[in-house]
Every structure is written in structure tokens, then in C-alpha cells.
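All remarks here apply to the structure that follows.
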Amino acid sequence: MGNWGDLAKVLAVAAPLAGCVGMDVGPINELTTMVGQPSPQFIPVPGDDGSTVVGLAFSGGGTRATAFAYGVLRELDDTVIDEKPARRTLVDDIRMISGASGGSVAAAYFGFRGRDGYRDLRERFLIQDAEAYMKTSTTSPVNLIRAYYGGVNDRSSFARWLDKNLFESATFSSFKWKNAPIVWINSSDINNRTPFLFTYDTFAALCSNLDHVRLSDAVAASAAVPVVFTPVVVEATSPNCGYQRPEWLQRALEDRNASIRLQAYARALDSYQNATRPEYVKLLDGGLTDNIGVTGFTLERAAAQTPYGPLAPDEAVKLDTLMFLVVDAGRDSGIDWNKSLHGPKLPDLISAISSTGITASVRDEFDALRLAVTNWRSQLVAYRCSLPASTVRKYRGTTSGWNCRDVALVVQHLSFDDLEPTERARVNRVATRLSLPVNDIDATIAAGRQVVRNNADFQAAVARIRRLAGVGASPRMAADAGQ
């Protein structure tokens with residue numbers, strides 16, 4: 001628009017249309033009179049020897065973030081860590097996977113299709129037009145009035161496209177395949193100003209069953225950029241379903257020294273059941289409260305009352321290496337108004353404010369994650385070293401080669417900063433939207449692969465895993481014939 005006067009004229013024309021604008025904002029859940037199942041106490045037990053555990057957190061950033069996450073997954077899939085009794089790559093050892101906004105597409109699709117089925121994500125999502133059902137005009141009077149009433153696009157847009165083209169009406173019950181990892185989809189509860197995790201504990205507090213929630217709705221909630229999308233609605237007007245606070249939530253509410261993040265999340269869940277509970281919970285983009293998707297893991301660790309949680313006690317003994325990779329598709333601003341005395345103008349200023357807030361919070365979130373893991377390692381080692389030989393033998397099958405202190409917890413931040421300048425400049429130009437040119441998609445996938453190869457700490461950890469498994473020094477092998 002040329003100026004504020006032009007905008008006022010458009011709104012004046014659009015106002016009479018308000019009554020004609022129908023919005024699909026119905027709740028994405030169903031209420032039940034029976035309390036739902038609780039979240040699992042521990043992350044899933046692996047199907048192999050349990051020596052390696054991989055956790056992944058995928059950031060927001062539209063389809064750019066999905067492509068970057070996919071590139072990282074494909075590189076992990078080419079990283080062979082064992083060959084006997086069967087070929088095993090790092091993808092086989094993914095036990096935790098989390099996503100916010102655009103990253104939630106990759107996380108949910110991996111949880112849905114598994115370690116082999118996820119590979120067609122490029123063809124089924126990345127190079128498709130996920131904006132096909134979306135209203136994208138910035139000058140349409142109807143879109144302006146929709147924006148005024150909460151958001152331009154409702155459930156009939158991105159969520160419907162995902163359901164039809166990617167998730168095939170699947171619900172969270174589809175995450176229950178053999179050796180499946182735990183999957184955390186992150187959105188934001190804008191009333192409580194906290195992350196909203198699609199977990200069984202969350203939906204039990206709502207007297208609802210997570211197994212019946214469609215993946216497409218959860219991912220759409222995670223990617224619901226304000227104004228572009230209406231808030232995704234979860235119904236909370238529940239009858240008495242016999243809900244009781246889980247032990248971790250009760251402790252968090254009572255312990256004044258508990259993690260502030262954990263306390264805030266506990267109060268949010270408690271608000272769904274207290275006397276002034278809301279009728280509806282409104283959800284927007286997960287990036288508003290956690291743009292790198294680490295809330296699931298940090299809350300699991302904060303809620304654990306054992307030195308080994310969220311690992312089971314036997315997993316903590318079998319563990320040699322835990323690797324947690326934060327895959328961050330955030331980009332530089334790319335604007336050069338800092339070279340002139342005047343500016344930035346309003347559009348650049350809004351972008352700068354948004355990116356400054358997100359970048360600052362990402363730094364804080366990652367530092368908090370690294371500190372939590374460092375402290376956890378100390379407690380984990382103390383637990384392992386306190387065990388009698390009989391317990392070690394029970395869990396490991398042998399005490400041969402046992403060193404209670406020999407456990408590596410590796411936390412790495414993979415971002416565009418890990419690329420060479422030319423590559424970094426290329427992917428920094430990729431837009432934050434849900435439909436991108438194929439050449440931008442492929443460049444971003446390649447960047448995801450490259451940041452894994454470029455990370456020296458990651459490569460050292462892989463070399464350690466292979467050495468303990470008795471495999472040769474080269475950490476990367478040729479791709480499968482089907483890749």
C-alpha cells in the first residue's frame with residue numbers, strides 16, 4: 001500500500017464484507033469422559049544394543065527449514081556406524097525428534113513414515129506447492145478483513161493440504177511402530193505464553209486423546225504464523241474425566257526451586273483443569289516460544305527425578321554416546337540499511353525486530369540446552385559409577401570393557417554459519433514461505449548435508465562410535481542403491 005490513507009480506504013471497503021467471511025476454526029480435538037494415557041516416563045528403548053542415542057531438534061523457517069532438516073537426515077542416513085550383525089546408520093539410532101514450525105513437517109513425517117519411508121519427503125512435500133490452498137494476496141480486501149479477525153488462512157488451507165497430500169489423515173496413533181522414536185511437535189499457547197507440546201500429558205490435562213488428533217492439524221498449529229494463519233483451536237470445555245496431575249507436574253507446582261521453564265509449562269497444563277479453565281486453547285507458531293524445538297527434551301530432563309531420566313536405567317548403563325543435534329535454519333537478515341544514515345523503513349524494521357528477538361532467544365535456548373546436558377552428564381556418570389558389578393552385568397550382559405565414566409554427551413548447533421561463505425550467501429537468500437523453487441530446495445538440502453560433514457565435533461563423535469563398534473575409521477559410506 002502506498003500510505004496509511006490508502007490502507008484506511010481499503011479497510012472501509014472491506015468492512016461490509018466481514019459478515020461474509022466464513023472461517024473454519026473448529027477445534028482439532030475431541031473431548032472424552034475417560035482420562036487419557038500419560039506420556040511415557042522414558043524415551044523408547046532402541047532395537048539394537050543401545051550404545052548410541054541420537055536426538056534431533058528441527059527449527060522453524062518455512063519450507064527452507066524442512067529442506068535443511070531433510071538434508072541433515074539424509075546425511076545421517078549415509079553415516080554408517082556399525083556393520084555387524086547388520087549395517088546401521090545414525091538414522092537407526094534416532095530416539096528423539098522434535099520440530100517447530102517448518103521443522104515440524106520433517107519431524108512429523110519421520111515419525112509417520114519411519115527410517116526408510118521418510119526419504120520421499122522431497123517429492124511429496126518439498127517440491128510441491130504447499131500454498132495451493134492458501135490465500136496469499138496482500139491487497140485483497142477480504143484478506144485484510146480476515147487478517148483483522150485473527151488470520152487470513154484457516155484450517156481449510158495448509159492443514160487441509162497436509163492432510164490430503166502428505167499425512168493421509170493419519171493421527172498420532174501412527175507414531176507407534178516398532179522402534180519408533182518419541183516425537184515432539186511444538187506450538188505456542190498464546191494465552192499462557194508458553195510452548196504447547198503435542199504430548200499425552202498435555203491432552204490428558206485437556207480430557208482429550210492425543211491418538212485421535214490428526215498430524216496435519218498439529219503441524220499446522222506448529223507453523224501457524226500470526227496474521228497469515230488464524231490460531232489453531234483446541235477445545236478445553238471438558239467434563240470431569242478423572243484427571244489427576246502426574247507426579248512431575250505436582251512437584252513442579254510445589255517446588256519453588258524447580259526450573260522456571262518447567263514451572264511455566266506445569267502452570268499452563270494446570271490451567272486447563274482449574275476452576276477458571278479456558279473453554280478453548282489458542283495455538284500459534286511454535287517459533288514464538290521455541291524456534292529450535294528443544295522444549296521437549298529440556299522439559300523431559302527437568303521433570304526427571306532420577307540421574308538417568310529421560311533414559312531408562314538400563315539404557316543409561318548401555319549408553320556410550322548420546323548425540324543431540326539442533327538443526328537451525330535461521331538466516332541472516334540480508335538487509336544493508338546499516339550502511340546509510342537513515343532507515344530502516346517500516347518493513348525492514350519489522351523484519352529486524354522479529355529476527356533480533358528470534359536470534360537472541362535461540363542463543364539462550366541452545367545455551368540452556370548445553371548447560372542442562374553438561375549437568376546431566378555429571379549425574380549420569382555418578383549413577384553409573386554407583387552401580388554394583390551385578391547390576392552392570394544384568395543390564396549390559398557383561399562387565400568386560402565397562403568404564404562407568406566413559407560416556408559422551410554431544411550437543412551441536414548446525415546452522416548456515418557452518419557453511420562456506422558462497423554457500424551461506426546462497427541459502428540465506430531462500431525465502432521463508434511454504435512454496436519454493438526447486439533449485440532453492442535442492443540448494444538447502446545440500447546445505448543440510450554439508451553442515452553435518454563440516455562439523456568437527458560431530459565427526460569426532462562418529463569416529464568414536466565406530467571405534468567402539470570395531471568399525472574402520474571412515475565415518476561415511478556410499479548411499480544405498482535406492483537413494
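The values are calculated or read from the model by the stated rules, or taken from the named source; none is laboratory data. Owing to the predicted nature of the structure, the values given are computational and were not obtained by experimental measurement. Reconstructed Cβ throughout: ideal geometry from the backbone, glycine too, with neighbour counts over all protein chains shown. Keep in mind that these areas ignore ligands, DNA and RNA; they rest on the heavy atoms of the full protein, side chains included. Shrake-Rupley method; radii C 1.70, N 1.55, O 1.52, S 1.80 Å.
Let me spell out the model: positive unit charges on the Cβ of Lys and Arg, negative unit charges on the Cβ of Asp and Glu, origin at the Cα centre of the chain. What dipole size does that give, in debye rounded to 20?
On the way: 51 positive and 52 negative charges, 116 e Å.
Computed about the Cα centre, the dipole is about 560 debye.
With everything on Cα atoms, drop me the angle between helix 438-454 and the longest principal axis of the chain, reported from 0 to 90° to the nearest 10.
30
Where the centroid of each part is defined by its Cα atoms, how far is the range 75-109 from the range 118-156 in Å?
Using only Cα atoms to place each centre, the spacing works out to 29 Å.
With a 1.4 Å probe and all protein chains left in place, how much of the accessible area of the chain comes from carbon and sulfur atoms, in whole percent?
For the chain, the apolar C and S fraction of the accessible surface comes to 52 percent.
Mind checking Rg over Rh on the range 177-227, alpha carbons, Kirkwood formula for Rh?
Ratio of gyration radius to Kirkwood radius for the range 177-227: 0.99.
On the Cα set of the range 15-161, report Rg and Dmax in Å, please.
For the range 15-161, the Cα radius of gyration and maximum Cα-Cα distance read 20.3, 70 Å.
When you count, for each residue, the other Cβ atoms within 10 Å and take the mean per peptide, how do 178-188, 112-122 rank with the highest first?
Averaged packing, sorted descending, gives the order 178-188, 112-122.
What's the angle, to the nearest 10 degrees (0 to 90), between helix 260-271's Cα axis and the longest principal axis of the chain?
It is inclined by approximately 60 degrees.
Could you tell me the distance between the Cα centroids of the range 182-250 and the range 388-414, to the nearest Å?
With the range 182-250 and the range 388-414 each reduced to a Cα centre, they are spaced 36 Å.
Can you find, among F172, Q244, I260, the residue farthest towards the positive end of the dipole of the chain? Put +1 on the C-beta of Lys and Arg, -1 on that of Asp and Glu.
Value: I260.
Rounded to whole Hz and in sequence order, give me ³J(HN,Hα) for the range 52-62 from the Karplus expression 6.51 cos²θ - 1.76 cosθ + 1.60, θ = phi - 60°, writing x for Gly and Pro.
Ordered by residue, 3J(HN,Hα) equals 10, 10, 10, x, 10, 10, 9, 7, x, x, x Hz.
Counting each DSSP H run of 4 or more residues in the chain as -39500 (n - 2.57), what helix-only mean residue ellipticity at 222 nm follows after dividing by all residues, to the nearest 500 deg cm²/dmol? Before the final figure, lay out each step's value.
Numbers: 16 runs with 193 residues, N = 483.
Mean residue ellipticity, 222 nm, calculated: -12500 deg cm²/dmol.
Among 414-420, 201-207, 35-41, 220-226, how do they line up from the highest to the lowest mean number of other beta-carbon atoms within 10 Å?
220-226, 201-207, 414-420, 35-41
Which whole-Hz couplings ³J(HN,Hα) result when phi for each residue of the range 190-204 is put into the Karplus expression 6.51 cos²θ - 1.76 cosθ + 1.60, θ = phi - 60°, listed in order with x for Gly and Pro?
7, 7, 7, 6, 10, x, 10, 9, 7, 10, 5, 4, 4, 7, 5
Amide H to amide H under 5 Å from L409: which residues, 5+ apart in sequence or cross-chain, H placed 1.01 Å off N in plane?
L322
Based on the mean of other Cβ atoms within 10 Å per residue, sort peptides 404-412, 264-272 so the most packed one is first.
264-272, 404-412
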